[in-house]
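Here the structure is laid out as structure tokens; the discussion comes afterwards.
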Amino acid sequence: MEKVILIDPEKCTGCRICEIVCSLTKEGVINPTRSRIQVVKVDPVSLSIPVVCQQCYDAPCIAVCPVGALSRHGTTGMVNHDRDLCIGCKSCAAVCPFGAIGIDTSAEKVFKCDLCGGEPTCVKFCETKALEFVEASTLSLRQKRKGISKYTELLQRDTGQSAA
Amino acid sequence: MLHRKIGYISLSSGQVKKASIPESVRRLYLGGRGLNMYLLFNHLEQGADPLGPGNVLLVGAGLLTAGPVPGGSRTDVAAKSPLTGLVGDTNMGGFFSPELRFAGFDHLVIKGVSEKPVYLWVRDGEIEMRDATHLWGKDTLETPEAIRAELGDEDIKVLCIGAAGENLVKFANVRTGAKNAGGRTGMGCVMGSKKLKAVAVRGTLDIGVKYPREALEYYWQMQRKILDSKTASLFSVEGSLMQYNPTNTTGILRVKNLGLNRMDDLSLTPDTFLEKYSLGSTACFGCGMHCRHKWQIKDGKYGGLRGEGPEYYTLMALGNVVYNTSWETVLAAQYLVDKIGLDLAEAGNIIGWAMDLYNRGIIDKSDTDDLDLDWENSSEVLLVLLEKIANREGFGAVLADGIRMAAERIGRGSDYYALHVKGLGMVGTDDRAVPSLALGVATSTRGADHLRSRPATDLFGLPEEFTEKLYGFPVSSDYNAYQTKAKLIHYMELLYELVDSLGVCKYQTIFISPTFPQFEEYSKLIYYLTGLGLSVDELKTIAERCYTLERLFNYREKGITRNDDYLPDRYYTEPTPSGVSKTRGKFLDRAKFDEMLDEYYALHGWDSNGVPKPETLVELRLDKEPSHMI
């Protein structure tokens, strides 16, 4: 079954708990620069957007990797990174359109989200559900429901059913 | 978590030194406020001028800051206060301290005075002093942007001062980000006197955790305990504004300086804010409660203004104390004090006092630069007065040195109405009906201040069987009572000392809900994160050591004793005019207050004059201070 981390920036409060728990789970230390997920902030307007690997179907990182260290997992759809094969050339980090690939300067390797083997710690600790781990096949309908909520609001306003 | 360093910086010579913090020192003072107090007591020479090169500015991260800790974001800034001459200490949330730790440091000890404006650039184990001539004059929102652009890194976190700090207003604050401020005791004024415009930090270093798996599991349990509560779900929406309506309805809000104890105009309800101005909430580092509001004023005089806040305290200081009933003026005034870097609590208190004097005919337009300070006019004059204070202009210059000095300068009996303790302006609540709150404010080591001890749960009327479990001793459920309340204040002082030393937010402790964490939980977290095994009793001893050291500092610098531990006279003579039956017609009974003081001193091991006893100092290992261990 294919599942993805669905990000809703509108729900993100910018607390960065995902960065703390990710680096602690993956590296045993606290260090946002070693977290697989990072919250990008635009300070003056208090906007926070979590960024993590989107497990792209046509993944530029897989295409660019010269040694085949990145590959797609057949059943989960996850883009897998093989540390043993990785030569640390950083090509994948350069082409990733999200900046979702990090560089471990001490190990001389890159790193990326591996969905914690199917139970992402960041999702578990995200209090506002800005991060959700959902089945890829149901994602579309979820987003449709979210999208049409604007219409139902409008409808309520026009028919005067809203409390406001 | 124990491997961060102390950076010693001399602004006079430009010299920088780095040193590690021995575990033995951690076991005595932890970090944050506790360790800052040790550094203050040790590095400041007795009698040093708060605005001279001898004052020592301390910036400290808590022992658990940045960790998997509920609300572990706090920064503690300390020095000798230019406002009071006593312990200067302020504590704020945001993102500064976690970044300081990622950059390799826990504490900065900043001494001397620079000739020209400078800022410090702290980056992965290095500290550099940089020219800030071009930043001098910029406000607290422009300054971080300019530094980020100059250093080419948008993720730099900045602590800085605005016009008030540059102009040496005695209650200038320090600011970080769009929201957070360290307001009390004038730490921004100390920065201004040192010509230190800002401290910029950025780090990429690992923070080690002793038992990562256990720490994460326990963090999860604490998060559930806090965030699954009804209190947290309300707090996530309303933030600290949640406390406004209950306080007002009960009649413990300070209105028109001390004229009323309940707002007769109900324009300032949190509901109005949420409906008309809120853009939702954001969080400080590592906080699941996210109580910070984002807001915007759409149209009108302040149309287009956008900011973060307000807190319950904003509403008190810039609302009821000065009798301003306009939400938009509250927000615009908050935005202004943030930009110019004034402590809003002190500013509200001193403006409320000036208006009180004006309405009583003690001062008139010849004193106020022709401004009409009638209570009905507060929405018109509030922003003008704030600007005047920050720029030390006209009447603002009289107020800029703080309420005690302003009262001396104005004379004419104005000091009777000047509400402060030890020189620090009065809190925004009216505590005449609640002895526990009154005792905490009167005895606090930084002057009139609720955040050293406020036992908000005392207002909940909790049954004694419950409080016995909560504190280990029964506390009377009657908030009018004097008995058992000294014990409660002592307990809360120790808890908040611990919390400030760990770098944890008080809103995630029993401050707002009796089911939230306290000593026991922190003892476990400290162990999982640092490996330091410290029992609840040991933590209480550490907190007592830190608190008594603060008292000792005040005694050393200014001879603070029992005489200084009272609220202003009006609190013992003038009855509250409104409120519910438990808060109407109330004032403090001096004899019973004295009994509370006796018990309170005994609990701390201080003599009946409020001076720490020699044997207490020995027990707490304070008898050889200053010991210069670090």
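The values are calculated or read from the model by the stated rules, or taken from the named source; none is laboratory data. Source: prediction; values computed, not measured. Positions of Cβ are generated from backbone atoms using ideal geometry, with glycine treated the same way; all protein chains shown enter the neighbour counts. Side chains are part of the model used for accessible areas, which takes the heavy atoms of the whole protein and leaves out ligands, DNA and RNA. Shrake-Rupley method; radii C 1.70, N 1.55, O 1.52, S 1.80 Å.
Below are the figures for this structure:
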| quantity | calculated |
| --- | --- |
| Percent of alpha-carbon pairs separated by more than 42 Å within the protein assembly as shown | 29 percent |
| Inter-label distance, nm, simple model (7 Å from Cα along the C-beta direction), A:SER106/A:ALA136 | 3.5 nm |
| Qualifying lysines (Cα of each under 19 Å from Cα of B:LYS276; at least 8 residues distant if same chain) | B:LYS294, B:LYS298, B:LYS301 |
| Value of relative contact order over chain A, rounded to a whole percent, pairs C-alpha under 8 Å and six or more apart | 28 percent |
| Per residue accessible area of the protein assembly as shown, 1.4 Å probe, in Å² | 36 Å² |
| Relative contact order for the range B:369-454, counting Cα pairs under 8 Å that sit 6 or more residues apart, in percent | 16 percent |
| Percent accessible area from carbon and sulfur atoms, the range B:352-422, protein chains only, probe 1.4 Å | 43 percent |
| Calculated FRET efficiency for the pair B:ARG570/A:ASP84, C-beta based, R₀ 51 Å, to 0.05 | 0.10 |
| The range B:211-317, relative contact order in percent, only Cα pairs under 8 angstrom and at least six apart counted | 24 percent |
| Nonlocal amide H pairs with B:GLY280, under 5 Å, H built at 1.01 Å | B:LYS294 |
| For the range B:366-460, diffusion coefficient by Stokes-Einstein and Kirkwood Rh (Cα), 37 °C, 0.692 mPa s, µm²/s | 217 µm²/s |
| Shielding by partners, peptide B:278-289 (average Cβ within 10 angstrom, other chains) | 5 |
| Per-pair calculated FRET efficiency, R0 = 51 Å: B:GLU150 and A:THR152 via Cβ, rounded to 0.05 | 0.60 |
| At least 40 Å² accessible surface lost relative to isolated chain, residues of the range B:66-98 (1.4 Å probe) | B:PHE95 |
| Amide proton proximity set for A:ASN80, modelled H, under 5 Å, gap of 5+ | A:SER71, A:ARG72, A:HIS73 |
| For A:21-34, mean number of other protein chain Cβ atoms within 10 Å | 6 |
| Integer Hz, Karplus 6.51/-1.76/1.60 couplings in order for the range A:15-29, x for Gly and Pro | 6, 6, 4, 4, 5, 4, 6, 5, 5, 5, 5, 7, 10, x, 9 |
| Among B:221-230, A:148-157, the order from most to least packed when residues are scored by Cβ within 10 Å on average | B:221-230, A:148-157 |
| Placed amide H near B:THR325: partners under 5 Å, 5+ positions off or other chain | B:SER379 |
| Lys pairs, the range B:538-630 - Cα-Cα below 30 angstrom, 8 or more residues apart or on other chains | 10 |
| Members of B:LYS18/B:LYS111; B:LYS157/B:LYS210; B:LYS80/B:LYS365 lying beyond 24 Å, as alpha-carbon distances in this model show | B:LYS157/B:LYS210; B:LYS80/B:LYS365 |
| Portion, in percent, of the accessible area of the range B:165-305 that falls on carbon or sulfur, probe 1.4 Å | 50 percent |
| For B:GLN296, net neighbour charge (Lys/Arg +1, Asp/Glu -1) across residues whose Cβ lies under 10 Å away | +4 |
| FRET E, pair A:SER71, B:MET629, Förster distance 56 Å, beta-carbon r, rounded to 0.05 | 0.50 |
| Chains A and B, summed buried accessible surface - 1.4 Å probe, Å², nearest 100 | 2500 Å² |
| Total charge dipole magnitude, chain B, about the Cα centre, Cβ charges on Lys, Arg, Asp, Glu only, Debye to nearest 20 | 960 debye |
| Stretchable slack from B:LYS18 to B:VAL113, in nm (0.36 nm times residue separation minus alpha-carbon distance) | 32.3 nm |
| Number of partner chain Cβ atoms within 10 Å, mean per residue of B:121-128 | 0 |
| Nearby aspartates and glutamates by direct alpha-carbon distance to A:LYS144 (threshold 17 angstrom, same-chain neighbours under 8 apart not counted) | A:ASP8, A:GLU10, A:GLU132, A:GLU135, A:GLU153 |
| Set of lysines near A:LYS146 by C-alpha distance (under 16 Å), chain-local residues within fewer than 8 positions excluded | A:LYS11, A:LYS129 |
